[in-house]
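Everything on this sheet refers to the single structure shown next.
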Amino acid sequence: MNKEILDLLRQNSRQQNWEEINKKLNPITVGHVNGEMIYQFFETLYDQSFKENKQMISITTQSINSYIPYHIHNYVVITVVLAGQCIFHTPNETLKVNQDDVLIIGSHTIYKIDEIPEDTILINISLKRAAFSLYDFDFLTHNQEPQSVPSLIFSTLSNENIHGAFNLFRTHHDTQVITIINDIIKEYFDHKSYSNQLIHLKLLELLVRLIRITSETRDLQIQRNNQKVGEIDTLSLALYIEKNYKDISLAKMAKHFGFNPDYLSALLKKKTGYSFVKLVQLQRVNIAAEYLSFTNMSIETIANEVGYKGTPYFYRFFKKYMGISPQQYRNYIGKGDN
């Protein structure tokens, strides 16, 4: 790992007081594990100072000598140990994660990490639901069996409503994996022009490298809490929505798959945790965010392009899911590319 980056990450890993964090973020408690409380962090990514981060991807350094309670969140976290090791706990399992290992923690997974010492450097790459498109998942799982490694990764990354999901990859200190992770961190903290696009591509490359290593070594540890994983039907349904979001209807989609509309509606809710309407709205908002980030199209044109008949509806749904208006989002994203 580049010494300059390691020094930066060590500076960011200063000790944090859980009681102060708890007061600042005020997370709700959702249960207990052996008498320990489980805290819920939903919807929002944070930067190193625990300020809200509107980006699709956030990279933070785990604080040294700091208590981390059991918690859950509705986004995916890729945890990488850059130096040293850490102990990862779920309610059912305890794992030692070694240097250069990669742990992908799925949405709604209850977990904690033991306090790490000063000689350990651990980063968390947090990914919102829209960080990867369904075309990315289609690329990863193309021509694979439902229980293959790519499909298992898809199941964890896709933010499906699967509780207790993680993939632990033993990389065996693969130099190419280490280089990719180094590049991702550097792009994130430098944040130059096109950094977001390069990070996206590097993350996909990282996943492909992990798939290759696992296919060769079969050294992958998985937890699914007895859930059926890698269901290609889910991917097919989601891809249809991504490709037809602009003028989609439940009736059209049901006819395409040969389902009754009511059955399809229930199936989508069961497999994704979201209603048909919300899935379409999320897709439209995600595509709109890309237009706002990478084009100079007017907001009215973007609203029409993603399927909204008027800008008031577009503004309402965009702010509902992104937390800020389309113009505020464009201004926020634009700051990083100047």
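Nearest 0.05, what FRET efficiency do Asn65 and Lys278 give at R0 = 56 Å with Cβ-Cβ as r?
0.85
Collect residues whose amide H, placed 1.01 Å from N in the peptide plane, falls under 5 Å from the amide H of Ile116; neighbours closer than 5 in sequence don't count.
Asn65, Ser66
Please compute the modelled spin-label separation between Ala251 and Gln327, points set 7 Å along Cα→Cβ, answer in nm with one decimal.
Going from the Gln327 label point to the Ala251 one covers 3.8 nm.
Starting from the 7 Å offset along Cα-to-Cβ, what nm value, one decimal, do you get for the label separation of Lys192 and Val33?
4.1 nm
Along the stretch 321-333, what does the Karplus equation 6.51 cos²θ - 1.76 cosθ + 1.60 (θ = phi - 60°) give for ³J(HN,Hα), rounded to whole Hz, x for Gly and Pro?
Using θ = phi - 60°, the values come out as 8, 9, x, 9, 6, x, 5, 4, 5, 4, 5, 5, 5 Hz.
Please give the contour-minus-distance gain from Glu93 to Lys320: 0.36 nm per residue of separation, less the Cα-Cα distance, rounded to one decimal in nm.
Value of the extension gain: 78.0 nm.
Longer than 19 Å from Cα to Cα, which of Lys278/Lys309; Lys128/Lys202; Lys246/Lys278; Lys202/Lys246 are they? Say none if no pair is.
Lys202/Lys246
Enumerate the lysines that Lys112 could reach by cross-link, defined here as Cα to Cα under 17 Å, with residues fewer than 8 away along the same chain left out.
Lys96
Laboratory data are not the source of any read-out in this text; all were calculated from the coordinates shown. Remember, it's a predicted structure, so these values are computed and weren't measured experimentally. Note: ideal-geometry Cβ built from the backbone for every residue, glycine included; neighbour counts use all protein chains shown.
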